[in-house]
Amino acid sequence: MRVCSLSSVKNRIVLGQPLAFSVRDADRTLLLARGQVIADEAQLRALMGRGALVEVHELTEAMRQPQPTRSPAYLRDRLPEEWDRGMQDVRNALSATPDRMAEALDGATTLLLSLIDSSPEVALAQVVRQPGTGTGHYGVTHSLHAATACQAAARYLGWGPEDQRRAFQAALTMNLGMLDLQARLSSQVSPLTSMQRDAIHEHPIRSVEMLSAAGIDDHDWLEAVLQHHETPDGRGYPHGIGDIGELAEMLRYADVYTARLSSRANRPAMSAAQAGRELHQMAAQSPLAAALIKAFGIFPPGSLVRLASGEVGLVVRNGEKAHRPMVSVLTNANGEPRHTPVLRDSSRDDHAVVALLPAHAAPIRLSDERIATLIAGA
């Protein structure tokens, strides 16, 4: 019975409303059956304090049901903090001992998929608005960003909740065997050493070994991790095979795409439009690559843009066409900050996007809380 902590799914709990899953004690004893309620905050804190658990298969079923719409206040006050906690949970899971790794991965996955479900646009903004090099552990942040991208593409393609979860977890763990090396390479300007080349070549095998040691036995998950650097022409690694699975292909594209969005010591970060063009050139005929590009759009949520009107604003969601997003404008045509943002549809010619701007060009300070609020209010 695979379980994760109740605390990792607390944002799927509505106090006083029927639970979508049962709650068990740390020794797996049933405490609350599905359909019962957690009455108040005190009861919830008490359950979390005693290490209450939830079964993963029940969570997967619960994910099929839409969450209640989150208010702007929730997104402003809770979501950025929960994302930070999710990032720490990912770091803890990827560095966990074999006997703890599977449970830790399930808990981190459930929390983050729940946050994505609360606002997919905020999730995309987390990937697009990446911090500069030297901030955090690159191996961990890249793993989370690639997993978020994979899940976005899987959702765009209409994959079911179980397949979306598998895609997220496979992407989260595909570089498990070289996380620390990834972090070092993000700030390294000298050529790779022979030992580093060997470690990179072998990391898919090492990642599968570590997952297997942790008790992960999902064949599709493990196969995707093993094959995520193989290519149809047989020139990939570690085995140089040409017959690769769909999920492995998805992981490879998400790995490449999100790496382009992050700055390195020897190059700046690319825009989503640039990264999308490179991915299209690499895999023009692939519906998986196309889904990834379309899920983000040319100007993804979180992008700062200038409109034909002269206004500057933040993209809050994709429009019907990839280059025509919805924009919350932060200035007037003269560049003066607005007291109250106004939503613009860039499919109108007078509000068309004419330039993508760097984040530091924002006319006001855009904290994570502010971004979440702008997106929620769109």
- Query: Picking from His323, His339, His57, which is most flexible by a Gaussian network model of the chain using Cα springs under 10 Å?
  - Reply: His339
- Message: Taking all protein chains in place and a 1.4 Å probe, what share, in percent, of the accessible surface of the chain do carbon and sulfur account for?
- Response: 49 percent
- Cα lying deepest toward the dipole's positive end in segment 153-307, options Leu251, Leu261, Ala171, charges on Cβ: Leu261
- For segment 278-378, what is the accessible area per residue in Å², given a 1.4 Å probe and the full set of protein chains? 49 Å²
- At a Förster radius of 22 Å, what calculated FRET efficiency corresponds to the Cβ-Cβ distance of Asp84 and His323, to the nearest 0.05? 0.10
- Förster radius 56 Å - calculated FRET efficiency between Ser194 and Val14, Cβ distance, rounded to 0.05: 0.50
- Take peptides 224-230, 154-160, 21-27, 100-106 and line them up by average Cβ neighbours within 10 Å, highest first, as a rough protection proxy. 224-230, 100-106, 154-160, 21-27
- Query: Rounded, prolate or oblate: which fits segment 195-268 when a ≥ b ≥ c are the square roots of the eigenvalues of the alpha-carbon gyration tensor, with rounded for a/c under 1.5 and prolate only if a/b beats b/c?
  - Reply: prolate
- Pairwise label distance in nanometres, Gln43 with Asp25, each label 7 Å out on the Cα-Cβ vector: 1.8 nm
- Item | Label point distance in nm, Gln281-Thr97, each placed 7 Å from Cα along Cα→Cβ | 4.9 nm
- Query: What accessible area per residue comes out for segment 166-261, rounded to a whole number of Å², with a 1.4 Å probe?
  - Reply: 44 Å²
- Message: Rounded, prolate or oblate for segment 242-316? Axes are the square roots of the Cα gyration tensor eigenvalues, ordered a ≥ b ≥ c, and the cut-off for rounded is a/c under 1.5.
- Response: prolate
- For the chain, calculated [θ]222 nm from helices alone, where every DSSP H run of n ≥ 4 adds -39500 (n - 2.57): -15000 deg cm²/dmol
- Message: Just checking my list (1) 27, 51, 20, 3; (2) 28, 56, 16, 0; (3) 23, 50, 26, 2 against P(r) over Cα pairs in 20 Å bins from 0, in percent computed from this structure; which label fits?
- Response: (2)
- Task: Can you tell me the dipole magnitude for segment 191-296 around its Cα centre, using point charges on the Cβ only (Lys, Arg +1; Asp, Glu -1), in Debye to the nearest 20?
- Result: 780 debye
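The values are calculated or read from the model by the stated rules, or taken from the named source; none is laboratory data. Predicted model only: the values in this text are computed from it and were never measured. As a convention, Cβ positions derive from the backbone with ideal geometry for all residues, glycine included, and neighbour counts pool all protein chains shown. All accessible areas refer to the heavy atoms of the entire protein, side chains included, with ligands and DNA or RNA removed. Shrake-Rupley method; radii C 1.70, N 1.55, O 1.52, S 1.80 Å.
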